[in-house]
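Trainee: Okay, here's the structure, questions in a sec.
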Amino acid sequence: MSDNKTAIVIQGGRLIDGNGGSPVENATVIIEGNRIKRVASGKVDFPREARVINAAGKTILPGLIDNHVHYRDFYGELFLAYGVTTVRDLGNPLDWILAQRDAVNLGKVAGPRIFCAGGGIYGRGWLAHHVVPANPEEARQAIRRFIEQGVDYAKIHLGVPVEIARSAAEEAHKAGLKLSG
């Protein structure tokens, strides 16, 4: 994602916006910073200093989302090269993935927007970052620790006993977090 202040104008392509409508032919998309400022059919006025991309004969799509990744430090530029602008990481050591997320957000490294949960709650763990609570109170404490560290959502994996999963879910929902499995 770019914080560049120079507008980018994509002109002349076929726009498929992902909302289910008909494609827009001869589309013009104006991007300023990380935001799409305008979408129109045909040519429109734009800042003189804008970088113009001729998309004639090409298709313009919104950024893609990969909803299940186990992010690695070399993935950032690869995701962007293939149009993936957002990922949801479902399992990495929390300190590491938070550092990756923050580095992307601060513009220190190129990469997609990252939403992360860290290791998550497991019924049995096989990696060091998996949390295996023995009872509902331990599950609530684990969720509170995740929240304090800055997770974007909470992950409860398959195989967690119902009473432990329920207490973890309640704690996450109390803080306004969504859940994933």
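Laboratory data are not the source of any read-out in this text; all were calculated from the coordinates shown. These numbers come from a predicted model, not from an experiment. All Cβ positions, even for glycine, are placed from backbone atoms using ideal geometry, and neighbour counts span all protein chains on display.
Trainee: Count of lysine pairs in the chain with Cα atoms under 30 Å apart, counting only pairs 8 or more residues apart in sequence or on different chains?
Mentor: The result is 12.
Trainee: Considering only VAL104, VAL87, VAL29, give the residue with the highest GNM mean-square fluctuation for the chain, with springs between Cα atoms whenever their separation is below 10 Å.
Mentor: Highest fluctuation of the listed residues: VAL29.
Trainee: Also, quick follow-up: Using 1/(1 + (r/R0)^6) with R0 = 30 angstrom and r between the beta carbons of ARG144 and ASP66, what's the FRET efficiency to the nearest 0.05? Mind showing how you got there, number by number?
Mentor: Values: r = 29 Å, r/R0 = 0.95.
E between ARG144 and ASP66, to the nearest 0.05, is 0.60.
Trainee: Compute the relative contact order of segment 8-60 as a whole-number percentage, counting only Cα pairs closer than 8 Å that sit 6 or more residues apart in sequence.
Mentor: Numbers: 108 pairs, mean separation 24.6, N = 53.
46 percent.
Trainee: Now for a separate question. Based on the alpha carbon coordinates of segment 8-60, what radius of gyration and maximum Cα-Cα distance (Dmax) apply, in Å?
Mentor: 10.6, 33
Trainee: May I ask you to derive the relative contact order of the chain, considering only C-alpha pairs under 8 Å and at least 6 residues apart, and to give it as an integer percent?
Mentor: Numbers: 367 pairs, mean separation 27.3, N = 181.
Contact order relative to length: 15 percent.
Trainee: Then there's this: Where does the charge balance sit around ILE30 when Lys and Arg score +1, Asp and Glu -1, over other residues with C-beta under 14 Å from its C-beta? Present the calculation step by step, with values, prior to reporting the outcome.
Mentor: Values: positive: LYS5, ARG35, LYS37, ARG38, LYS43, ARG48, ARG51; negative: GLU32, ASP45, GLU49.
So the surrounding residues net to +4.
Trainee: Mean residue ellipticity at 222 nm from the helices of the chain, using -39,500 (n - 2.57) per DSSP H segment of n ≥ 4 over the full residue count, to the nearest 500 deg cm²/dmol? Intermediate values should be presented prior to the final figure.
Mentor: Numbers: 4 runs with 46 residues, N = 181.
The helix-only estimate for the chain comes to -8000 deg cm²/dmol at 222 nm.
Trainee: Roughly how big is the chain's charge dipole about its Cα centre, with Cβ charges of +1 (Lys, Arg) and -1 (Asp, Glu), in debye to the nearest 20?
Mentor: Numbers: 22 positive and 19 negative charges, 86 e Å.
Its charge dipole is roughly 420 debye.
Trainee: Over the chain, with a Gaussian network built from C-alpha contacts below 10 Å, which listed residue (ALA128, ALA165, ALA99) shows the highest mean-square fluctuation?
Mentor: ALA128
Trainee: Distances longer than 28 Å among the Cα atoms of the chain: what percent of all pairs is that? It would help to have the intermediate numbers written out before the result.
Mentor: Numbers: 6624 of 16290 pairs.
Tail of the P(r) past 28 Å holds 41 percent of the pairs.
Trainee: May I ask which residue of ILE147, TYR82, VAL109 lies farthest towards the positive end of the charge dipole of segment 77-181, with charges of +1 (Lys, Arg) and -1 (Asp, Glu) on Cβ and the Cα centre as origin?
Mentor: TYR82
Trainee: Can you tell me the orientation of helix 136-149 relative to the chain, as the angle in degrees between its alpha-carbon axis and the longest Cα principal axis, to the nearest 10?
Mentor: 40
Trainee: What is the distance in Å between the Cα centres of segment 32-69 and segment 93-148?
Mentor: First find each Cα centre; the distance between them is then 33 Å.
Trainee: Using Cα springs under 10 Å in a Gaussian network model of the chain, which residue among ASN92, ASN26, ASN105 shows the largest mean-square fluctuation?
Mentor: ASN26
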